[in-house]
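Okay, structure first, notes after.
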Amino acid sequence: MTVAPAALPPRLHAHPDAVAPASGRRRARLIAWVVYDWAYSPFNTLVTTFVFATYFVRAVAHDVAAGTADWAFAQSVAGIVIALLAAPLGAVADRGGLRAQMLLLCTLILAGCTGALWFIRPDAAWASTALVLVAAATVAYEVGLSFYNAMLLEVAPPGRMGRVSGLAWGAGYVGGLTALVLCLFLLIQPAVPPFGLGRAQAEPVRAAMPFAAGWLLVFGLPLPILAWHRPAHRRGVRDAVRGGMVSLGATVRGVLRHPPLRLFLLARMLYSDGLTVLFAFGAIYAAGTFGMGTRDVMLLGIGLNITAGLGALGFALVEDRIGAKSVIMVSLFCLIVLGGALLVVRSVTLFWVLALPLGLFIGPAQSASRCLMAQFAPPRRRNALFGLYALSGRVTGFAGPAALATVTALTGSQRAGMGVVLVFLVAGTALLATVPSAQPGSRTPARPARRST
């Protein structure tokens, strides 16, 4: 699977991704890459987790149970679309040298759909429109991440990939936290909302959506602009698509012949489903089962972002020494223990006590997974492989929300529905345990105890 630089065809050596940029430009790209995580994260905190998701369930949908099921269905549809698009688009980007261009397109679509959520009024008549916009934004978010993640090898200095990835993930949590705090105290919390926003139509809550869109554009656009380049060899769209599909087929065959990578992608497919459900429905669970209002849910989000940022930054300092697999395994084990406890407690106080430490292990599990994938990826197929990485996180991404929707609908209990999180996390952890610790294709020498994100 690993392709040595000397084995690459001459035209691939000429590809800009294979040539290190000047130190000043590389430093600027590194900063922009880290800041992009800061720019992207408010979509999670403000849209899919703590603000719009709970607003939709409590104020737009007919009732909490129906809103949860509808939201799960929309996320399932988005997962199917992501599974169909991520890897082929990555292969086309590899062929045509269009990584930055594709990232820019996804960024603009995400910002547009997010900003448009301002128009969703607290009325069930707007439910379908809301779900379509959120699903489209989710597709743009996940597909864009495949191009963003593929840039990790370009921007990270040798031997520092884990640290750079963890730093970016920590910056993302700080960005999400900052956006959440600003929205809470500037838009939602004041007794008299600013800018003439009216509470009767939930305008202070809805205003957080264009805020998130603007945040993304301001902090996210520098990366695709700095990473923009003209391909060394111009290719027409038809040639890029045809060549991309051929390259994708070769990449898939390579993965199938590469047992460690194959096992890792299967394991990530399972535990990513569990994390997807946790992210998408954690706040909905808090609101529906524990009766938390928008303010309490946002405070929970602030607390989780603080602990998640601390966890991501803390593990980033040791990840390059202890190994990515170790980071992922420890994180998943702790998530399983804490998540199981959250399903049985009845006290709101105990919910807070258990939920806040949960954040310590969410970021490291994701950041280490990204680094492990990067170590497998040769430059000429990096986008395609990260497309498969996104595919592994979404090919059954509909299964988690669909299972949650089914269980919730059959039992009428959010608590029972959230139990599917544990099933996916346990299955993914068990399979990941079979993946060798030393991974081929690492940019730095593999050590027996080292993480191979």
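Below, the figures for the structure above:
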item	result
10 Å-binned pair-distance histogram of region 251-366 (Cα, whole percent)	13, 40, 29, 14, 5, 0
Solvent-accessible surface (1.4 angstrom probe) belonging to residue 45, in square angstrom, nearest 10	10 Å²
Distribution of pairwise C-alpha distances over region 97-181, 10 Å bins, in %	16, 33, 34, 13, 4, 0
Linear extension gain, residue 80 paired with residue 182, 0.36 nm per residue minus alpha-carbon span	33.4 nm
Spin-label zone in region 144-168 - amide nitrogen under 20 Å from a point set 7 Å from the Cα of residue 23 along the C-beta vector	154-161, 164
Two-site FRET efficiency, residue 62 against residue 337, from Cβ-Cβ distance with R₀ of 51 Å, rounded to 0.05	0.90
Residues residue 73 and residue 433, FRET efficiency given R0 of 30 Å [Cβ-Cβ distance, rounded to 0.05]	0.35
Rounded accessible area of residue 169 (nearest 10 Å², 1.4 Å probe)	40 Å²
Furthest towards positive pole of dipole, 306, 329, 348, structure part region 253-363, Cβ charges	329
Nitroxide proxy distance, nm - points 7 Å out along Cα→Cβ at residue 346 and residue 409	3.0 nm
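The values are calculated or read from the model by the stated rules, or taken from the named source; none is laboratory data. Small disclaimer: the values here were computed from a predicted structure and weren't measured. Cβ: placed from backbone, ideal geometry, glycine included. Neighbour counts: every protein chain shown. We work out accessible area using only protein heavy atoms, side chains counted, and drop any ligands, DNA or RNA first. Shrake-Rupley method; radii C 1.70, N 1.55, O 1.52, S 1.80 Å.
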